[in-house]
Amino acid sequence: MRWYPAGALFVLSIGLGLLVAGLLADPASAESVPLNCMILPGEEIASILMTNSLASEASCIVTCRFQTTRYDNNPQITCAKQIPAGKEVEMCRLTSGSDKFVKLTEGHADCAKLPAGE
């Protein structure tokens, strides 16, 4: 059996305590919201649309990943904005470079309600 100095055990116990406290705290909850990651005509630009379906203004983040015509080239874009309640907005656009987009491989969007007064 290996013995550890008292200081190391103290630091370890504090770290575990903070971990448990963090797990029990009420984090700001984010909710999944509708999104549309679409390849525009010409297949070299993707547009990312998102709707804040919450009842109030929210901080929203969206991520979309696409496959291109080049092997193992899967560009991803992540963008964030404050969005008014019930609004659909274009979050951002992604260019493919010299390749063409083939299909959407992954996409998700989340919004977190802003605290009152922001």
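The values are calculated or read from the model by the stated rules, or taken from the named source; none is laboratory data. Please read all numbers here as calculations on a predicted model, not as lab measurements. As a convention, Cβ positions derive from the backbone with ideal geometry for all residues, glycine included, and neighbour counts pool all protein chains shown. We work out accessible area using only protein heavy atoms, side chains counted, and drop any ligands, DNA or RNA first. Shrake-Rupley method; radii C 1.70, N 1.55, O 1.52, S 1.80 Å.
Kindly provide the set of residues from the range 58-72 that are open to solvent by 60 Å² or more (accessible area, probe 1.4 Å) and either in a strand (DSSP E or B) or at negative phi (or both), ordered by number.
Here is the first cut: in the range 58-72, the residues open to solvent by 60 Å² or more (accessible area, probe 1.4 Å) are 61, 65, 67, 69-72.
Passing the criteria: Ile61, Arg65, Gln67, Thr69, Arg70, Tyr71.
Does Leu40 fit the bill of being touching a strand residue (DSSP E or B) at 6+ places or on another chain (Cβ under 8 Å), of a type in the set (A, V, I, L, M, F, W, C), loosely packed, with under 15 Cβ neighbours inside 10 Å and without any contact (Cβ under 8 Å) to a residue 60 or more places away in the chain?
yes
Just to verify a result, which residue in the range 83-111, among those that are closer than 18 Å to Val33 by Cβ and of a type in the set (Asp, Glu), is surrounded by the most Cβ atoms within 10 Å (Cβ to Cβ)?
First, the residues of the range 83-111 that are closer than 18 Å to Val33 by Cβ: 83-92, 104, 106-111.
From what's left, of a type in the set (Asp, Glu): 88, 90, 106, 110.
Details: Glu88: 14, Glu90: 12, Glu106: 12, Asp110: 18.
The extreme case among them is Asp110.
Here Ala80 meets the list (1) within 15 Å of the chain's Cα centre (by Cα); (2) under 14 Å from Asn36 (Cβ atoms); (3) modelled with pLDDT of 95 or more almost entirely, failing just condition (2).
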